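Heads up, the thing below is written out as structure tokens.
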Amino acid sequence: MKTNIQGLTAEEFDALMKAQGEPAYRARQLFQWVHQKLVTDFEAMTNFSKVQRERFTSLWEVRHLGIEAVEQSKTSPTRKYLFKLPDGEGVESVLMIFENRLSACVSTQAGCAYGCVFCASGLFGLKRNLECWEILDQVYSMQRNATERISNIVFMGTGEPLANYDNTLKTIRLLNNPNGLGIGMRHMTVSTVGNVPMILKLADEGHPIRLAVSLHAPNDELRDKLMPVNKKYKIGELLEACRTYQSKVKRRMTFEYTLIDNVNDSPSLAHQLVNLLRGFRCHVNLIPLNPMDEYKGKAPSRNRVMAFQAILEEARIPVTVREERGQDITAACGQLRRRMMKGA
Ligand code: SF4
């Protein structure tokens with residue numbers, strides 16, 4: 001069986017080529033073909049001799065994901081990809097085109113174990129962690145299909161990135177490598193449900209990665225109901241970990257808050273949120289709920305969203321309401337995969 005070299009680090013490329021009696025500069029060239037030019041066919045690697053290319057082909061493969069479906073939104077420059085993994089699992093990624101940047105949102109797990117009540121990704125539970133190459137090639141596949149350079153990465157698709165810590169971090173470092181796509185760490189965001197020990201571990205890495213924490217409720221009683229993870233890590237402990245992260249990484253954090261009509265969107269809860277976040281250098285992202293059949297909650301009216309936002313603004317907490325992008329293509333996390341799992 002051929003060795004898959006997709007997802008290997010520069011050091012691993014060195015070792016691989018050394019074992020073939022090739023010098024270090026050849027390892028760098030191969031790394032650039034795979035991680036910068038995103039080439040998967042050794043025959044196209046023209047600065048290697050024919051003999052070398054044939055040898056590489058007989059030993060190795062550069063695996064890449066099969067694109068199962070692509071949906072282009074009619075209402076916004078957003079494209080959603082469904083990728084099929086070798087074992088038949090599916091994962092989703094989204095490419096969002098903004099005025100000055102191209103942002104790729106990728107998945108880190110097939111399914112999710114955390115079971116937040118309003119999220120389609122948690123419906124089938126966790127199937128498995130994605131391997132590094134499976135996370136990486138979501139970006140590479142979208143880049144191969146794009147005319148502009150992908151400038152930002154958000155680990156915010158299906159799954160909890162910090163529960164697949166090693167593969168997520170390896171992916172981040174490969175994307176950051178100057179002989180690869182060279183995407184700055186500051187342009188990468190890791191979203192977490194509130195996995196306290198892993199937030200602290202990530203803080204110790206010292207990379208200037210932006211952390212986005214899914215909060216969704218300002219008190220434990222409500223958060224317990226919406227997010228089972230809160231039974232393990234209470235809000236106080238979570239925010240303490242966030243403070244540690246901020247003091248070590250020195251970056252403004254994002255708190256994600258999905259607004260659900262008459263569940264967590266009242267003015268008094270907005271005031272509680274203000275009290276909770278006082279003193280934080282942060283930004284709050286309000287996300288009106290994306291409806292799904294399996295959860296009876298719905299998005300609040302525009303007035304309720306604006307009232308909630310105004311309370312945060314009055315307290316000088318930077319806040320935005322997340323632009324609804326690609327609702328026509330079920331761009332909410334997990335919904336395309338769910339359709340595939342249901343055979344729809
Ligand atoms: S919101 Fe995130 S952590 Fe919660 S179930 Fe969905 S994918 Fe998992």
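Report whether or not residue 160 is within 16 Å of the ligand (Cβ to nearest atom) and of a type in the set (D, E, K, R).
On the way: within 16 Å of the ligand (Cβ to nearest atom): yes; of a type in the set (D, E, K, R): yes.
Yes; evaluated as a whole, the condition is true for this residue.
Please enumerate the residues belonging to the stretch 1-39 that are of a type outside the set (D, E, K, R) and within 11 Å of residue 60 (Cβ to Cβ). Show your work before the answer.
Kept after step one, since they are of a type outside the set (D, E, K, R), are these residues of the stretch 1-39: 1, 3-10, 13, 15-17, 19-21, 23-25, 27, 29-36, 38-39.
Correct list: 1, 3, 4, 5, 6, 8, 13, 16, 17, 20, 30, 34.
Just for the stretch 1-53: of the residues that are in contact with a strand residue (DSSP E or B) (Cβ under 7 Å, 6 or more places away or on another chain) and closer than 24 Å to residue 168 by Cβ, which one is surrounded by the fewest Cβ atoms within 10 Å (Cβ to Cβ)? Break it down into steps so the answer makes sense when it comes.
Our first condition is that a residue be in contact with a strand residue (DSSP E or B) (Cβ under 7 Å, 6 or more places away or on another chain); within the stretch 1-53, this holds for 2-5.
Narrowing the set further to residues that are closer than 24 Å to residue 168 by Cβ leaves 3-5.
Details: 3: 9, 4: 15, 5: 20.
Selected residue: 3.
Do we find a residue being in contact with a strand residue (DSSP E or B) (Cβ under 6 Å, 6 or more places away or on another chain), in the same structural domain as residue 209 (by TED's automatic domain parsing), of a type in the set (Val, Ile, Thr) and under 22 Å from residue 210 (Cβ atoms) anywhere in the stretch 122-138?
No; the residues of the stretch 122-138 include none that is in contact with a strand residue (DSSP E or B) (Cβ under 6 Å, 6 or more places away or on another chain), in the same structural domain as residue 209 (by TED's automatic domain parsing), of a type in the set (Val, Ile, Thr) and under 22 Å from residue 210 (Cβ atoms).
Given (1) open to solvent by 20 Å² or more (accessible area, probe 1.4 Å); (2) in contact (Cβ under 8 Å) with a residue 24 or more places away in the chain; (3) within 16 Å of the ligand (Cβ to nearest atom), identify the lone condition not met by residue 149.
Residue 149 satisfies all of (1) open to solvent by 20 Å² or more (accessible area, probe 1.4 Å); (2) in contact (Cβ under 8 Å) with a residue 24 or more places away in the chain; (3) within 16 Å of the ligand (Cβ to nearest atom) except (3).
In the stretch 240-279, which residues are out of contact with any strand residue (DSSP E or B) (no Cβ under 9 Å at 6 or more places or on another chain), among the polar types (S, T, N, Q) and assigned to a helix (DSSP H, G or I)?
244, 247, 268, 272, 275
Charged (D, E, K, R) and touching a His at 6+ places or on another chain (Cβ under 6 Å) - does that describe any residue in the stretch 135-142? Write out each step before concluding.
First, pick out the residues of the stretch 135-142 that are charged (D, E, K, R): 137.
Those still in the list that are touching a His at 6+ places or on another chain (Cβ under 6 Å) too: 137.
Looking through the stretch 135-142, at least one residue is charged (D, E, K, R) and touching a His at 6+ places or on another chain (Cβ under 6 Å).
Just checking, does the stretch 119-130 include any residue being open to solvent by less than 10 Å² (accessible area, probe 1.4 Å), within 17 Å of residue 70 (Cβ to Cβ) and more than 11 Å from the ligand (Cβ to nearest atom)?
Residues of the stretch 119-130 that are open to solvent by less than 10 Å² (accessible area, probe 1.4 Å), as a first pass: 120-121, 130.
Filter again for within 17 Å of residue 70 (Cβ to Cβ), leaving none.
Within the stretch 119-130, not a single residue is open to solvent by less than 10 Å² (accessible area, probe 1.4 Å), within 17 Å of residue 70 (Cβ to Cβ) and more than 11 Å from the ligand (Cβ to nearest atom).
Here are some residues: 218, 288. Which one is open to solvent by less than 50 Å² (accessible area, probe 1.4 Å) and either β-branched (Val, Ile, Thr) or in contact with a strand residue (DSSP E or B) (Cβ under 8 Å, 6 or more places away or on another chain) (or both)? Working first, answer last.
Numbers: 218 fails: either β-branched (Val, Ile, Thr) or in contact with a strand residue (DSSP E or B) (Cβ under 8 Å, 6 or more places away or on another chain) (or both).
Within the list 218, 288, the selection yields 288.
Restricting to the stretch 131-148, name every residue that is under 21 Å from residue 10 (Cβ atoms) and not in a helix (DSSP H, G or I).
131
Return the only residue of 229, 154 being in a helix (DSSP H, G or I) and either open to solvent by 30 Å² or more (accessible area, probe 1.4 Å) or within 16 Å of the ligand (Cβ to nearest atom) (or both).
Details: 154 fails: in a helix (DSSP H, G or I).
One residue alone meets the criteria, 229.
Cβ contacts < 7 Å: first residue under 16 Å from residue 144 (Cβ atoms), restricted to the stretch 30-54; second residue of a type in the set (Ser, Thr, Tyr), any location; separation 6+ or different chain. Result?
Between residues of the stretch 30-54 that are under 16 Å from residue 144 (Cβ atoms) and residues that are of a type in the set (Ser, Thr, Tyr), the close pairs are 38/140.
Among the residues of the stretch 274-313, which ones are touching a residue at least 12 places away in the same chain (Cβ under 8 Å) and among the charged types (D, E, K, R)?
Within the stretch 274-313, 278, 281, 294, 298, 304 meet the criteria.
Run residue 234 past the list (1) under 24 Å from the mean Cα position of the chain (by Cα); (2) open to solvent by less than 30 Å² (accessible area, probe 1.4 Å) and report the number of the one that doesn't hold.
(2)
So the check is Cβ under 6 Å with 6+ separation or different chains; which pairs have a first residue in the stretch 121-137 that's small (Gly, Ala, Ser) and a second one that's open to solvent by 10 Å² or more (accessible area, probe 1.4 Å)?
121/112; 121/333; 122/112; 122/114; 122/115; 122/116
The values are calculated or read from the model by the stated rules, or taken from the named source; none is laboratory data. Computed from a predicted model, the values in this text were never measured in an experiment. FYI the Cβ positions are ideal-geometry reconstructions off the backbone, even for glycines, and counts take in every protein chain you see. For accessibility, only protein heavy atoms count, side chains too; no ligands or nucleic acids. Shrake-Rupley method; radii C 1.70, N 1.55, O 1.52, S 1.80 Å.
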